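Every number here is computed from the coordinates shown, using simple stated rules; none is lab data. The structure displayed is predicted, hence computed values, not measured ones. Here the Cβ positions follow ideal geometry from the backbone for every residue, glycine too, while neighbour counts run over all protein chains shown.
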Amino acid sequence: MLTTSRASYLDGSIASVPSGLVWREFDRIGFDPSKNDEVLAARGFDLAFISHIFPAFVLEREDTRPYPETRYQAIGELLGNIYVLVYTCLLYTSNGACFTPHHQR
């Protein structure tokens, strides 16, 4: 299933962004420890916890904000709660799976 959603930006511009329900599964999930501390302080859970949203089906689209790397926005369920997260793939395996090499979950 592929749909198109609209992204609105602070400057008032609007972009159409394809999104869809996809299965996501990663060999490894890593994160910056300082970013982990920042998320824990702000949200009350850490990135190791939220990484358990995978493997699963998530509603995903490419993040169109201007970053040097491609980022993805995903909506998924974990322990009965719905979470929105943004992630990037830093390395890709031979079968096309992506992972970040900092920490194993």
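Check which residues have an amide H placed less than 5 Å from ASP63's amide H, if you skip close sequence neighbours.
Under 5 Å from the amide H of ASP63 lie the amide H atoms of ARG71, TYR72, GLN73, each far enough along the sequence or on another chain.
Collect residues whose amide H, placed 1.01 Å from N in the peptide plane, falls under 5 Å from the amide H of GLY30; neighbours closer than 5 in sequence don't count.
THR100, HIS102, HIS103
Give me, ordered by chain and number, the residues 5 or more places off ALA56 or on other chains with an amide H under 5 Å from its own placed amide H.
Amide H neighbours of ALA56: ARG24.
Under 11 Å from the Cβ of PHE57, count the other residues' Cβ atoms, weight Lys and Arg +1, Asp and Glu -1, and hand me the total.
Summing Lys/Arg as +1 and Asp/Glu as -1 gives -2.
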